[in-house]
1. Can you go through 516, 476 and tell me which one is part of a loop (DSSP other than H, G, I, E, B), at negative phi and hydrophobic (A, V, I, L, M, F, W, C)?
2. Within the range 448-467, can you find the residues that are in contact with a Ser or Thr (Cβ under 6 Å, 6 or more places away or on another chain) and within 15 Å of the ligand (Cβ to nearest atom)?
3. Is it the case that the range 551-571 has a residue that's part of a helix (DSSP H, G or I) and closer than 21 Å to residue 278 by Cα?
4. Across the range 608-625, which residue is nearest to residue 568 (Cα to Cα) among those that are surrounded by 14 or more Cβ atoms within 10 Å (Cβ to Cβ) and within 34 Å of the chain's Cα centre (by Cα)?
5. Scan the range 405-422 residue by residue and report those that are under 26 Å from residue 556 (Cα atoms), more than 13 Å from the ligand (Cβ to nearest atom) and of a type in the set (A, V, I, L, M, F, W, C).
6. I want to confirm something. Restricting to the range 315-339 and keeping residues that are more than 13 Å from the ligand (Cβ to nearest atom) and not hydrophobic (A, V, I, L, M, F, W, C), which single residue is farthest from residue 266 (Cα to Cα)?
7. Just to be sure before I move on: is residue 402 near the ligand (Cβ under 9 Å from one of its atoms) and surrounded by 21 or more Cβ atoms within 10 Å (Cβ to Cβ) in the structure I sent?
8. Quick test for you: out of 412, 442, pick the one residue that is surrounded by 23 or more Cβ atoms within 10 Å (Cβ to Cβ) and within 25 Å of residue 25 (Cβ to Cβ).
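The values are calculated or read from the model by the stated rules, or taken from the named source; none is laboratory data. Quick caveat, the model's predicted, so the values are computed rather than measured. Note: ideal-geometry Cβ built from the backbone for every residue, glycine included; neighbour counts use all protein chains shown.
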Amino acid sequence: MPTTETPGAPPAEERVFRPAPSTVIEANVKPAELVEAYRLAAADHPGYWEQAALELEWHRKWDAVLDDSRPPVYRWFPGARTNIVHNALDRHVHIWTKNKLALIWEGEAGDCRKFTYFELYREVNRLAGALRALGVGRGDRVCLYMPPIPETVVAMLATAKIGAVHVFVFAGYAAKFLRERVNEAGAKVLVTADGFYRGGKLINLKAVVDEGLADARPDVAETVVVVRRTGGDIDMQEPRDLYYHDLLRQESPEAATEIMEAGEPLFWLPTSGTTGKPKSVVHSHGGYMVGAHHTFRTVFDIKPTDIHFCTADPGWITGHTYGVYGPLLTGATVILYEGHPLYPQADRLPAIIERYGATIFYATPTLIRMLMRYGPQYPKNRDISTLRLLGSVGEPLGPDAWMWLYKHIGRSNCPVLDTWWQTETGMAMLSPMPISLLKPGSVGKALPGVAADVVDEDGRPVPPGQSGFLVLGKPWPGMLTGLAGDDAAYAAYWEKIPGVYFAGDLARRDEDGYFWIQGRADDVLNIAGHRIGTAEVEAALCSHRFVADAAVIGLPDKIKGEVAKAFVVPSPQWQEAYADADAFASDLRAHVRRELGPIVIVRAVALRESLPRTHSGKILRRVLREEEEAGGKLF
Ligand code: PRX
């Protein structure tokens with residue numbers, strides 16, 4: 001447990017940037033209001049969140065703001081009834097936002113589709129009717145394996161509207177991963193697309209679905225709804241596969257919204273942990289809605305004229321909260337882009353900002369580091385002066401990338417909001433506000449209503465400047481309500497450091513209360529902002545017929561933050577099957593890609609006779625990491 005300055009850490013960052021006077025004057029939360037927000041949250045934690053809940057519409061108000069009588073199970077707004085889609089969509093149809101743009105979508109080829117709130121509402125209702133006709137109802141799971149296209153947003157909202165639960169499987173995950181998630185969810189319906197475009201290539205998504213469902217449980221995915229995006233050649237299996245457009249043709253543009261208990265599930269989202277099996281985080285209609293709405297309105301300072309460009313795929317939590325629900329709950333306009341960020345040229349994202357006049361740009365450090373390679377002139381021929389706020393999420397941004405983003409994308413004029421949060425937290429937890437003083441590389445302070453601390457393994461706060469475990473001391477509305485089918489794993493978040501939620505990260509806090517994230521404390525890799533458990537990669541490697549044992553560690557990477565290195569104990573026959581170790585290694589890399597998907601990048605493979613293990617059989621990854629740092633074999 002590190003309790004001192006991490007060896008080799010860069011010197012403490014001392015630069016501080018102040019917001020422009022106009023930013024302060026125009027902010028939704030002005031300095032005096034922020035002071036008051038912190039005061040209220042400290043004096044009356046549930047009261048603070050009750051005020052946030054009152055900004056939304058409810059069909060029935062809560063009996064209590066928070067039921068914390070059975071920790072670590074927390075129920076926000078018990079007794080209250082609503083549906084997030086009522087607030088995200090239905091209510092806009094009765095107010096001025098009705099004819100405002102909700103969604104601007106750009107395909108990789110430059111094709112563009114726009115939806116007003118009214119148009120989105122009607123499309124969602126049609127799909128909601130179609131799903132109901134397929135027998136989907138309250139509490140049923142609907143699996144979404146979708147690319148970034150408008151129908152993806154429609155499918156999320158239509159599922160939620162009828163009280164069903166969306167289980168998104170990011171389209172970069174492989175067939176096996178999809179099968180496991182569909183089985184686990186017991187999803188009767190899967191919504192997907194024929195394919196999509198990325199990096200100039202047509203990706204045949206439906207072929208992956210067919211492969212994934214080939215060995216799925218017989219009672220799941222009885223219907224597969226296929227959006228025709230590319231018109232590519234796909235295999236439609238009768239009677240299972242139905243075209244989305246055929247299905248919607250007969251449906252009414254009106255559909256009733258199911259009124260949900262606040263704690264009823266809205267979605268499951270798979271994410272990686274320290275075991276070989278991903279966990280499905282569960283979020284609810286009531287608490288998640290309050291968290292997403294409040295943080296988007298206050299942190300992203302959303303105004304009626306804003307055009308928010310969230311580069312995250314809708315299939316990740318960032319896409320869920322700040323690409324779909326947060327923007328729609330606040331009546332904002334959001335941009336969704338289908339393709340590769342550097343295609344067909346490096347300034348594709350600035351071109352999108354310029355074309356639609358985006359005012360907020362929310363990206364990942366990996367993306368920012370990719371753009372940084374194009375140097376100080378970037379993005380010289382694009383007018384991106386409409387931007388007023390920049391955001392980052394998913395991995396440590398670091399002072400260098402922060403400064404580049406601030407200067408070259410923000411013209412030294414836009415606050416950089418480095419937001420720290422997780423799939424589990426559902427909403428941003430640590431972040432500067434637009435009016436905050438900014439320190440490059442820091443994620444700012446805990447937001448009002450968020451109790452964050454840095455502690456040692458006994459839960460004692462460590463002094464400023466020292467690193468420790470980042471924990472959350474009080475429940476918050478956007479929090480996960482559970483892990484699907486695994487109460488013990490849910491409870492484990494509160495057990496490592498008794499009584500507080502341990503996020504899995506190491507951090508330090510400075511004298512001013514600013515947090516500096518140092519990375520994961522557990523065996524979870526962060527490859528280009530994607531969370532990947534070393535145990536999952538090890539399990540994938542061990543499923544190869546010539547692998548007897550495997551261990552995986554992270555290696556630092558200039559662009560992706562981290563990549564995986566595998567240590568493999570081969571079974572004796574491997575030499576008969578491969579010309580040499582390089583051929584074996586490249587097959588292993590391809591195998592992991594097939595098993596888990598292209599997001600898992602195994603950079604290097606080392607063959608070993610054995611792996612360092614504890615007496616109880618646990619892999620000593622620490623020993624492998626030390627060996628790697630020393631540049632050779634130590635054991
Ligand atoms: O390690 C932290 C890192 O991403 C993890 C959460 O991953 P995920 O659930 O996939 O959600 C990512 C998007 C919300 C955290 O435990 N992380 C997230 N945001 C930051 C970060 N690391 C440093 N700085 C951040 N701003």
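1. On the way: 516 fails: part of a loop (DSSP other than H, G, I, E, B).
476 is the lone residue from the list that is part of a loop (DSSP other than H, G, I, E, B), at negative phi and hydrophobic (A, V, I, L, M, F, W, C).
2. 467
3. First, the residues of the range 551-571 that are part of a helix (DSSP H, G or I): none.
No, the range 551-571 contains no residue that is part of a helix (DSSP H, G or I) and closer than 21 Å to residue 278 by Cα.
4. Of all residues in the range 608-625, those surrounded by 14 or more Cβ atoms within 10 Å (Cβ to Cβ) come to 608, 611-612, 619-621, 623-625.
From what is left, the residues that are within 34 Å of the chain's Cα centre (by Cα) are 611-612, 619-621, 623-625.
Details: 611: 8, 612: 12, 619: 12, 620: 14, 621: 13, 623: 15, 624: 12, 625: 15 Å.
The residue in question is 611.
5. Taking the range 405-422 as the starting set, the residues that turn out to be under 26 Å from residue 556 (Cα atoms) are 405-409, 416-422.
Filter once more, so that each one left must be more than 13 Å from the ligand (Cβ to nearest atom): 406-409.
Within the range 405-422, 409 is the sole residue that qualifies.
6. Of the range 315-339, the ones more than 13 Å from the ligand (Cβ to nearest atom) are 324-325, 327-339.
From the residues that got through so far, the ones that are not hydrophobic (A, V, I, L, M, F, W, C) too are 325, 327, 330-331, 333, 337-339.
Working: 325: 11, 327: 17, 330: 18, 331: 20, 333: 22, 337: 24, 338: 25, 339: 27 Å.
Selected residue: 339.
7. Values: near the ligand (Cβ under 9 Å from one of its atoms): no; surrounded by 21 or more Cβ atoms within 10 Å (Cβ to Cβ): yes.
The answer is no for residue 402.
8. 442
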